[in-house]
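Single-structure report; data block below.
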Amino acid sequence: MALLHTVNKSPFEKNALESCIRLALKGSSILLMEDGVYGAVKGTAKSSLVAGAKGKIAVYVLGPDLDARGVSKDKLIDGVKVVDYGGFVDLVAQHSATQAWL
Amino acid sequence: MSDEGGTIKKFMYVNRKAPYGTIYALESLEVVLIGAAFDQDVSLAFVDDGVYQLVKGQNTKGVGMKNFSPTYNALGDYDVNKIYVEKESLDARGLTVDDLLPLKYEDEDDDWAEKDSICVISSAELAKLFDQQDVVFSF
């Protein structure tokens, strides 16, 4: 069983997403939530972080947090999957533990 | 200092945080609206993640928080109509002025013509604006 990593900080303000991706094992998952959802957007100065993790780590993003910030789903990096709160619970249940990158 | 009460100062509110993740954005907006009652020369700057505050299409139903983005539309009615957004911050986030709220004000010196409040400027231009201020509030 692999870890679920959660990142709730903007990649433009904190290095949480960068450190998480650097230290996450292949086969683990990342859920971007709160201000962390900005890391899932393509065409930004930080898009290469998540785009570079493709094939190694499954990346999820919390839909209600995207909606709150006016980020439409067509702006997401290819391969990023949107989940709702129920999906968040499922992810927690499917992984061995959760590591929060605050 | 004797005519302090009648002196108009240049106030700038600098916003550098994304909305919802922290309380800074909402608190800044509250302070701007309260401060608008004091008839000062007010301008707002949106830099770094602060530019996310002005992104249109915010819908907070799912997160159970108040969507305060429509309140930015009221700034024009409070004579807060100098809203500067740093171009470099927009570029880094893949955003353009078309992604932002179309904030307007009515210009009393031009037969109440409706004009855009948002002005996208470069870092160099913003640096000069900062230098002209009497008071800078940071959020």
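Which of B:PHE68, B:PHE38, B:PHE11 moves the most in a Gaussian network model of chain B with Cα springs under 10 Å?
Of the options given, B:PHE38 has the highest mean-square fluctuation.
Provide the FRET efficiency to the nearest 0.05 for the A:LEU3-B:LYS56 pair, computing r from the beta carbons and using R0 = 30 Å. Show your work: numbers first, answer last.
Working: r = 36 Å, r/R0 = 1.21.
It comes out at approximately 0.25.
Where a ≥ b ≥ c are the square roots of the eigenvalues of the C-alpha gyration tensor, would you call the range A:43-102 rounded, which needs a/c under 1.5, or, failing that, prolate if a/b is larger than b/c, or oblate? Display every interim value, and only then the final one.
On the way: a/c = 1.90, a/b = 1.23, b/c = 1.55.
In terms of gyration-tensor shape, oblate.
Give the residue list of trypsin sites (Lys or Arg not before Pro) in the range B:1-54 that are DSSP loop and have at most 15 other beta-carbon atoms within 10 angstrom. Numbers along the way, then the final one.
On the way: sites: B:LYS9, B:LYS10, B:ARG16, B:LYS17; in loops: B:LYS9, B:ARG16, B:LYS17.
Of the trypsin sites (Lys or Arg not before Pro), the ones in loops of the range B:1-54 whose Cβ has at most 15 other Cβ atoms within 10 Å are B:LYS9.
Suppose R0 equals 35 Å. What FRET efficiency, 1/(1 + (r/R0)^6) with r the Cβ-Cβ distance, do B:VAL136 and A:LYS42 give to the nearest 0.05? The partial results should precede the final answer.
Working: r = 34 Å, r/R0 = 0.98.
The calculated FRET efficiency here is 0.55.
So for chain A: antiparallel DSSP bridges make up what percent, rounded to the nearest 5? It would help to have the intermediate numbers written out before the result.
Details: 1 of 17 bridges.
The antiparallel fraction comes to roughly 5 percent.
So what is the diffusion coefficient of the range A:3-101 in µm² per second by Stokes-Einstein at 10 °C and 1.306 mPa s, using a Kirkwood Rh over Cα pairs?
Values: Rh = 13.0 Å.
Taking Rh from Cα pairs, D becomes 122 µm²/s.
For chain B, what is the convex hull volume of the alpha-carbon atoms per residue, in Å³?
Numbers: hull volume 16.6 nm³, N = 139.
Dividing the Cα hull volume of chain B by its residues yields 119 Å³.
Please give the FRET efficiency for B:ILE23 paired with A:ASN15, using the beta carbon to beta carbon distance and R0 = 22 Å, rounded to the nearest 0.05. It would help to have the intermediate numbers written out before the result.
On the way: r = 22 Å, r/R0 = 1.02.
Calculated value: 0.50.
Using a 10 Å cut-off around each Cβ, can you sort B:THR22, A:THR44 from fewest to most neighbouring Cβ atoms?
Numbers: B:THR22 17, A:THR44 21.
Fewest to most other Cβ atoms nearby, the residues stand as B:THR22, A:THR44.
Choose one of B:GLY6, B:SER122, A:LEU32: the residue whose Cα lies farthest towards the positive end of the charge dipole of the protein assembly as shown (beta-carbon charges +1 Lys, Arg; -1 Asp, Glu; about the Cα centre).
Positive-most Cα among the choices belongs to A:LEU32.
Quick one: work out the % antiparallel among DSSP beta bridges in the protein assembly as shown, nearest 5.
Working: 6 of 39 bridges.
Roughly 15 percent of the beta bridges in the protein assembly as shown run antiparallel, per DSSP.
How would you order B:124-137, B:42-55 from highest to lowest mean count of nearby Cβ atoms within 10 Å?
Taking the mean over residues of other Cβ atoms within 10 Å, the ranking is B:42-55, B:124-137.
Could you give the dipole magnitude of chain B about its Cα centre, charging the beta-carbon of Lys and Arg +1 and that of Asp and Glu -1, in debye to the nearest 20? Before the final figure, lay out the partial values.
On the way: 13 positive and 26 negative charges, 176 e Å.
Once rounded to the nearest 20, the dipole reads 840 debye.
Using only C-alpha atoms and all pairs of different ones, pull out the Kirkwood radius for the protein assembly as shown in Å with one decimal.
Evaluated on the protein assembly as shown, it is 19.3 Å.
Give, as ranges by residue number, the residues of the range B:51-75 whose backbone N falls under 14 Å from the point 7 Å along Cα→Cβ of A:ASP84.
The answer is B:61-64.
Against the longest principal axis of chain B, how steep is helix B:24-35, in degrees 0 to 90 to the nearest 10, with axes from Cα atoms?
Taking the Cα atoms of chain B, the angle to B:24-35 is about 30 degrees.
I'd like the antiparallel share, as a percent to the nearest 5, of DSSP beta bridges with both residues in chain B.
25
Listed here are the pairs B:LYS17/B:LYS104; B:LYS9/B:LYS87; A:LYS56/B:LYS66; which of them are more than 28 Å apart at the Cα? Please list the in-between numbers first.
Values: B:LYS17/B:LYS104 23 Å; B:LYS9/B:LYS87 26 Å; A:LYS56/B:LYS66 37 Å.
Beyond 28 Å: A:LYS56/B:LYS66.
Other chains' Cβ within 10 Å of B:51-57 residues: what's the mean? Could the numbers behind the result be given before it?
Values: counts 1, 7, 1, 1, 3, 1, 5.
Shielding by partners across B:51-57 averages 3.
Read-outs throughout are calculated quantities, based only on the coordinates presented, and are distinct from any laboratory measurement. In this text the structure is predicted, and so the values were computed from the model without any measurement. We place every Cβ from the backbone using ideal geometry, glycine too, and count neighbours over all the protein chains shown.
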